[in-house]
1. Quick one: 3J(HN,Hα) in Hz for segment 35-44, Karplus 6.51/-1.76/1.60 with θ = phi - 60°, rounded, Gly and Pro as x.
2. If you find the alpha carbon centre of segment 68-138 and of segment 209-251, how far apart are they in angstrom?
3. If I stretch the segment between Lys221 and Lys240 completely, what's the gain in nm (0.36 nm per residue apart, minus their alpha carbon distance), one decimal?
4. Given a Förster radius of 25 Å and the C-beta distance between Asp107 and Leu132 as r, what FRET efficiency does 1/(1 + (r/R0)^6) yield to the nearest 0.05?
5. Go through 123-134, 50-61, 35-46 and give me the packing order, highest mean Cβ count within 10 Å leading.
6. Contour minus end-to-end for Met1 and Glu78, with contour as 0.36 nm per residue of separation and end-to-end as the Cα-Cα distance?
7. Taking amide H positions as placed 1.01 Å from N in the peptide plane, with prolines and chain starts having none, which residues 5 or more places from Lys3, or on another chain, fall under 5 Å of its amide H?
8. Please name which of Ser214, Ser58, Met83 has its Cα lying farthest along the dipole of the chain towards the positive end, using unit charges on Cβ (Lys, Arg +1; Asp, Glu -1) and the Cα centre as origin.
Amino acid sequence: MRKNIVAGNWKMNTTVPEGIALAKDVVAASAKVPASVKLIIATPFTHLVPVADVVKGSVVSLSAENCADKEKGAYTGEVSAAMLASAGCEYTILGHSERRQYYGETDEKLVEKTKLALANGLKVILCVGENLEEREAGKHFDVCKSQTENVLYNFSEEDLKNIVIAYEPVWAIGTGKTATAEQAEEIHAFIRKVVADKFGAKAAEDMSILYGGSCKPSNAKELFAQKDIDGGLIGGAALKAEDFIQIALSF
């Protein structure tokens, strides 16, 4: 059975004291959220150790926002999967559209990052999605198929149990444009079929696929009502505990 998941991606926001305070607010409010919904917060690297202490013993899981594609060594400024696991992370986000766009992350690198994350006991939130130019050119199915296949098809059905997909319509993030619930559902169902084509219907049915395109308290209920949308990877709304929890209550 796939899980309903609401994951907050803080991106490059909050100082360490602010992050600790936000995590405390999320943990305090998490009692309102049914056990059927998995809560995750993904913080900047600097916050991981103190926030791990805040969420310890709660229903809130900790994620990193990225990890290195190397195991260890002379890679100044990088943070390895082993370091993340030792800091108390349960998850890491990989392949976020901002990492692809601004830092040139390729599917090949994401395969290496995913291998290292899984080898170190981390679960992976793998992001896929098309930009505005690709959407307007009608290439959104091709882009999502390629990004999903190029990474996931390198792993086993057993590995899939520790991988979540997040679909990001990059064209609907911070642009004023909005993906309708129907557009989001169409792509989620398509991605699930791409998974099924390689791993079978059961593996695809068991995989959680999250929506990552400006999900807010105002539109979460409509999105989460769709058959193939299992939750959200939340950006801006995750920076307010009240909004984040309200989204988690939208199932």
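1. So the Karplus estimates, Gly and Pro as x, are 5, 6, 10, 8, 9, 9, 10, 10, 10, x Hz.
2. 22 Å
3. 5.0 nm
4. 0.80
5. Values: 123-134: 21.8, 50-61: 17.0, 35-46: 19.1.
Top to bottom by mean Cβ count within 10 Å: 123-134, 35-46, 50-61.
6. On the way: separation 77, 0.36 × 77 = 27.72 nm, distance 3.51 nm.
Stretched out fully, the Met1 to Glu78 stretch lengthens by 24.2 nm.
7. Ser208
8. The residue sitting most towards the positive pole is Ser58.
Laboratory data are not the source of any read-out in this text; all were calculated from the coordinates shown. Treat the numbers as computed from the prediction; the structure is a model and nothing was measured. Cβ sites come from the backbone with ideal geometry, for glycine too, and all protein chains shown count toward neighbours.
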